[in-house]
Amino acid sequence: SDAICNFVICNDSSLRSQPIIFNPDFFVEKLRHEKPEVFTELVVSNITRLIDLPGAELAQLMGEEDPKLPGANSTASGFFRSLMSLKRKEKGVVFGSPLTEEGIAQVSQLIEYLHKNLRAEGLFRVPGNSIRQQILKDALNSGTDIDLDSGEFHSNDVATLLKMFLGELPEPLLTHKHFHAHLKIADLTLFDEKGNKTSTPDKERQIEALQLLFLILPAPNRSLLKLLLDLLYQTAKKQDKNKMSAHNLALMFAPHILWPRNVTANDLQENITKLNNGVTFMIKHSQKLFKAPVYIRECARLHYLGSRAHTSKDDLDLLTSSGSKELQPLKSQKRSRLDSCHQEETQQRTEEALKELFRHVHNMPDSAKKKKLIRQFNKHPTALTPGSDVPTSPAPRRTRSRSFSGLIKRKVLGTPVILERKSRDTTPEPVRVSKENVQLLQKCGSPAHMSQAKQKSLEGQKEESCRRMRARLLSKDSSSL
């Protein structure tokens, strides 16, 4: 069910404002089912980053070698192990058989019933009635419908039968391949300021490691584990009624979901405490363990979409830099196109304004003032003569210009002017332009600074007002020019 994402078209207007629920692990599950080898390599590489797995243990986790479990070569308690092995050979459709979706469907009835009866004191610890348990077991194996709410069965009967089902599986729910990895996760601790290990568990790394490890569990095992841990989590929340804490529940279920099959407590020895504490940790943090880490989600999404448009900052920080390198050419191309468009637009406005100004000066009556203005144009014919191309590539050096033409281009057109240096023998005469004249220039020659509404409303008066203001400007600044 984790891999399914449903989209429903709702015609009820009152419900359209409700948030859309989307499975954040959608691409993770898609990658797991469509490309299991790529998915497994991605997850295992991150597991080995968190915990140290020697070559043999890593090969066991990958399924390349048979797991080497404690007590496998020991002759102690051989009779007890043989007895348990014979008991599991009595296979049924559900009990004693490998885990299947059909078996999970049958057992889920027990879990659903227990969710409604979590207040029974000593739940999972107090055994139920053996006769009622056998009747219920036969019904589950035969696949018949069971009415657990009829009152015929007690919650202790159902709880004991659930443990029995887990205990009769051919291998523990967390599988033999993952046994050594769970022992290493239990050893994850914090470091002090000097880099030495402490005895304080590193909960964040343990949660992350379990998230990764659960991702590579077989699908039926992962589904049932999620149902089971959620049940135990809800049971522990009501420990004031049922007297069953997370640690007490771990003692009941660790032998069934984590201990290797056909082993005894003597075979595990010092590892028993680690295993029990590990199951306790899983129960307490069960609501976080079945979510893929953010970097796994992002890697799976990039595998299919190749885009990071909707990625949060926290997710991007956890990713490798390879993805960002791929986006740099796209960003630079987009930026260069925008710059090119802006430059062309500015050049066009510059050329039009210069043409208009040149026509205005040319139509002035012959006078000394007109001759001075024409000389200003003739000093820089390439940049200021109407009809000439405006240079597009910047010169290696830029010099400030205090000439009348340079002032027009900086204040009116908003673009720098590249001027050629004058000869060393001549020094340019400083030009002083009043603040009022600058404002007049801005109002007259900068249509880009006016809003579209103002341009439409003043369209009929623009030409006449510009002529009056230019005449006023030229008359006031003629002495300085």
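The values are calculated or read from the model by the stated rules, or taken from the named source; none is laboratory data. This structure is a prediction, so every number in the text was calculated from the model and none was measured. Every residue, glycine among them, receives a Cβ derived from its backbone with ideal geometry; neighbour counts consider all protein chains shown. We work out accessible area using only protein heavy atoms, side chains counted, and drop any ligands, DNA or RNA first. Shrake-Rupley method; radii C 1.70, N 1.55, O 1.52, S 1.80 Å.
Some values worked out for this structure:
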| read-out | value |
| --- | --- |
| Cut-off 13 Å, label 7 Å out along Cα→Cβ of residue 62, residues of region 201-233 by amide N | none |
| Sequence-distant residues sharing a close amide H with residue 189 (under 5 Å, placed H) | 202 |
| Dipole moment magnitude, nearest 20 debye, region 181-246 about Cα centre, only Lys, Arg, Asp, Glu C-beta charged | 340 debye |
| Protection-proxy order for peptides 43-50, 161-168, each taking the mean of Cβ atoms within 10 Å per residue, highest first | 161-168, 43-50 |
| Potential extension, residue 112-residue 237 segment - 0.36 nm per residue separation minus Cα distance | 43.3 nm |
| Cβ charges +1 (Lys, Arg) and -1 (Asp, Glu), total dipole of region 92-293, debye | 600 debye |
| Shape call, region 92-293: gyration tensor on alpha carbons, a/c limit 1.5 | prolate |
| Rough spin-label spacing in nm, given labels placed 7 Å along Cα→Cβ, for residue 49 and residue 187 | 2.1 nm |
| Surface share of carbon and sulfur [accessible, 1.4 angstrom probe, percent] for region 92-293 | 50 percent |
| Highest-first arrangement of 224-235, 137-148, where packing means the average Cβ count within 10 Å | 224-235, 137-148 |
| Simple spin-label estimate for residue 366 and residue 378 in nanometres, 7 Å along Cα-Cβ | 1.4 nm |
| Pairs from 137/291; 177/197; 68/184; 194/274; 137/238 whose Cα-Cα separation, in the structure shown, is over 24 Å | 137/291; 177/197; 194/274; 137/238 |
